[in-house]
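First comes the structure, then the notes that go with it.
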Amino acid sequence: MKVMGKLWLETLGAYQYVLTFLFMGPFFSLLLLFLLFTSFWSVPVLYFVWFFLDWDTPNQGGRQFEWIKKFFMWKYARDYFPIKMVKTAELPPDRNYVVGAHPHGIMAFGTFINFCANVDGFFKKFPRIRASLAGQAILFYLPVSRDYFMANGLCSVSRWSLDYCLSKAQRGQAVVIIVGGAHESLYAIPGRHCLVLRNRKGFVRLALRHGASLVPMYSFGENDIFHFKFFDTNSWQHLCQLTFKKIMGFSPCIFWGRGLFSANSWGLLPLARPITTVVGHPIPVPQRLDPTKEEVDHYHTLYMEALEQLFEDHKESCGVPASTRLTFI
């Protein structure tokens with residue numbers, strides 16, 4: 001009974017993340033709108049006053065709460081897959097870091113659990129480094145969910161926000177950027193390792209402006225936890241996905257997992273496949289307040305090479321066939 005109880009807690013831990021990711025923002029948006037036309041109208045009014053006064057917080061490092069980051073369900077969500085982090089080098093606390101997280105997958109489970117949930121991931125491996133995960137701006141436009149995500153350590157991925165984090169007087173700051181972003185979720189094909197990176201250079205410019213070391217990171221298994229419907233890049237469906245992304249900031253995908261009560265049915269519960277997040281060696285970067293194109297290209301190339309080497313060094317130990325290659329688009 002104890003083992004069965006733990007399995008159910010792990011299942012609920014993973015499921016609550018999915019429901020939060022997909023429905024928390026829309027649910028509270030509709031709820032507050034509904035309450036405006038009831039006797040509880042003062043609740044949404046007061047909240048939206050707070051929303052307005054607190055508008056800039058996501059661009060100023062967010063607002064983390066350790067008790068939320070240590071929420072007991074995060075431990076069970078981690079153990080459901082399970083998710084673990086592998087440290088390959090030290091990150092000295094006397095400098096700052098720009099950590100490139102790959103791949104995005106559907107919901108970035110590995111990155112979130114390791115960097116936002118304080119359950120023996122990044123915070124145990126690198127105890128003197130303060131990490132902030134950069135999220136899409138749209139996350140901070142949705143009521144209530146914006147506060148929840150900030151409490152878990154998210155801040156906006158805007159330039160203003162990232163500059164703010166890396167400009168703090170105290171060293172040892174790390175901003176974690178899912179470089180491929182929403183576009184990369186269109187390539188979250190199980191067994192494939194395709195990254196949107198070749199023309200993504202903003203994170204390198206950020207590192208150069210602040211003299212922050214670049215750190216490659218790869219989550220093996222992130223693309224394997226959901227079944228995925230891939231549309232050819234020349235198809236009208238793919239064009240619709242890209243158009244929607246340009247308008248709304250995120251890409252609609254067709255994906256499915258297993259049912260909550262049966263592994264043989266379709267549902268939103270992710271498949272219990274191991275996710276191993278490997279953090280690579282830092283790449284020293286000089287400070288250039290106005291970096292040239294040549295400097296950006298140089299360090300971008302170094303980063304891609306380091307990421308590819310990280311993938312090659314750890315793929316077999318993480319269950320990836322030796323013949324598999326990392327693809328950059």
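The values are calculated or read from the model by the stated rules, or taken from the named source; none is laboratory data. Remember, predicted model here, so these are calculated numbers, not experimental data. Quick reminder, even Gly has a Cβ in these numbers, built from the backbone with ideal geometry, and neighbours come from all protein chains shown. Surface areas here come from the heavy atoms of the whole protein model, side chains and all, with no ligands, DNA or RNA. Shrake-Rupley method; radii C 1.70, N 1.55, O 1.52, S 1.80 Å.
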The chain - mean residue ellipticity at 222 nm from DSSP helices (-39,500 (n - 2.57) per run, n ≥ 4, rounded to 500): -12500 deg cm²/dmol
Quickly rank 188-194, 283-289, 214-220 as a protection proxy: mean count of other C-beta atoms within 10 Å, highest first. 214-220, 188-194, 283-289
Quick one: compute the contact order of the stretch 163-293, relative version, from alpha carbon pairs under 8 angstrom and 6+ residues apart, as a percent. 31
Going by accessible area, probe 1.4 Å, with all protein chains left in place, what is the ranking of Asp290, Asp54, Asp94, largest first? Asp290, Asp94, Asp54
Could you work out the local net charge near Ala151, counting Lys and Arg as +1, Asp and Glu as -1, over the other residues with Cβ closer than 10 Å to its Cβ? +1
Charge context of Phe28, other residues only, Cβ under 12 angstrom, K/R +1, D/E -1: 0
In debye to the nearest 20, the charge dipole size for the chain, taken about the Cα centre with +1 at each Lys and Arg Cβ and -1 at each Asp and Glu Cβ, equals 400
For the stretch 92-225, dividing by residue count, accessible area per residue (probe 1.4 Å) in Å² works out to 29
Here the relative contact order (percent) of the stretch 1-131, from C-alpha pairs under 8 Å and at least 6 apart, is 30
Taking 8 Å as the Cα distance limit and 6 or more residues as the minimum spacing, I'd like the relative contact order of the chain as a percentage. 22
